[in-house]
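The values are calculated or read from the model by the stated rules, or taken from the named source; none is laboratory data. Owing to the predicted nature of the structure, the values given are computational and were not obtained by experimental measurement. No Cβ is skipped: glycine too gets one built from the backbone with ideal geometry, and neighbour counts run over all protein chains shown.
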Amino acid sequence: MRLNRKLHVMLAGTLALALPLAACTMVGADELGTDNAGQVVDAQSIIAADGANWLSYGRTYDEQRHSPLNQITAENVGQLGLAWSADMDTARGQEATPLVIDGKIYLTTAWSKAKAYDALTGKVLWEFDPKVPGETAVKACCDVVNRGMAAWGDKLYFGTLDGRLIALDRNTGKQVWSTVTVDQSKPYTITGAPRAMGGLIVIGNGGAEMGVRGYVTAYDAETGKQVWRFYTVPDMPG
């Protein structure tokens, strides 16, 4: 379906809440954060995120997805229109919550691909394809979707369907490091968004319905080195 292939910026619920774009003539470039280029994301900035930025999967650590923006009201909502749209390269599911940092939109798409857009113009700034093997799809319960990224420092982090955790340079989209977080011979997948805190990137996995043992792992945000792992259930014979 074509609707699945469109990122409708003004109509996509998360983005519309996070970022009323310039077509609404309500938020200027300075309010989008473009004056703060190079913002370093840390715990304090996530906790105190202003309305023009969406720095974590649920916006802040309590993940209420509440936006403090107040430019859209009952009186002017009828004036909203489409600012721009972008085609995805697949008709597979799109379930990511985009991040918005310094006037740029960062999101993941089906097959664990990552993209960056200029929030005002819709121009593609960079794209990254981790080249997930097609046969990995048979391990996924619910399509080859990806639900989003984490941001920390000047990097972005996301999981891939085949179980990798990847760090990208936020400005260039170039890979900084990648680590395999699962036994790829087993039916593990990653579709969820990681979380960033205290210099750590925390990621879980899927596949319990196929018999694998689930766990949550923390990795050093700078190096990708594993710091700790917590198993959600006892090992066999539990």
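Annotations
- Of residues in the range 59-118 being of a type in the set (Val, Ile, Thr) and touching a residue at least 40 places away in the same chain (Cβ under 8 Å), the one surrounded by the fewest Cβ atoms within 10 Å (Cβ to Cβ): Thr90
- Filter result for Trp152 (surrounded by fewer than 18 Cβ atoms within 10 Å (Cβ to Cβ) and among the aromatic types (Phe, Trp, Tyr)): no
- Condition check for Gly103: touching a Gly at 6+ places or on another chain (Cβ under 6 Å) and modelled with pLDDT of 95 or more: yes
- Screening Leu161, Leu165, Leu125 for residues that are in contact with a Lys or Arg (Cβ under 9 Å, 6 or more places away or on another chain) and surrounded by 18 or more Cβ atoms within 10 Å (Cβ to Cβ) leaves exactly one candidate, Leu161.
- Test result for Leu200, crowded, with 19+ Cβ neighbours inside 10 Å and either over 16 Å from the mean Cα position of the chain (by Cα) or of a type outside the set (Asp, Glu) (or both): no
- Condition check for Arg213 on (1) within 24 Å of Thr97 (Cβ to Cβ); (2) among the basic types (Lys, Arg); (3) without any contact (Cβ under 8 Å) to a residue 24 or more places away in the chain: one failure, at (1).
- Checked against (1) in contact with a Pro (Cβ under 9 Å, 6 or more places away or on another chain); (2) modelled with pLDDT under 95; (3) within 30 Å of Ala43 (Cα to Cα), Glu95 passes all but condition (1).
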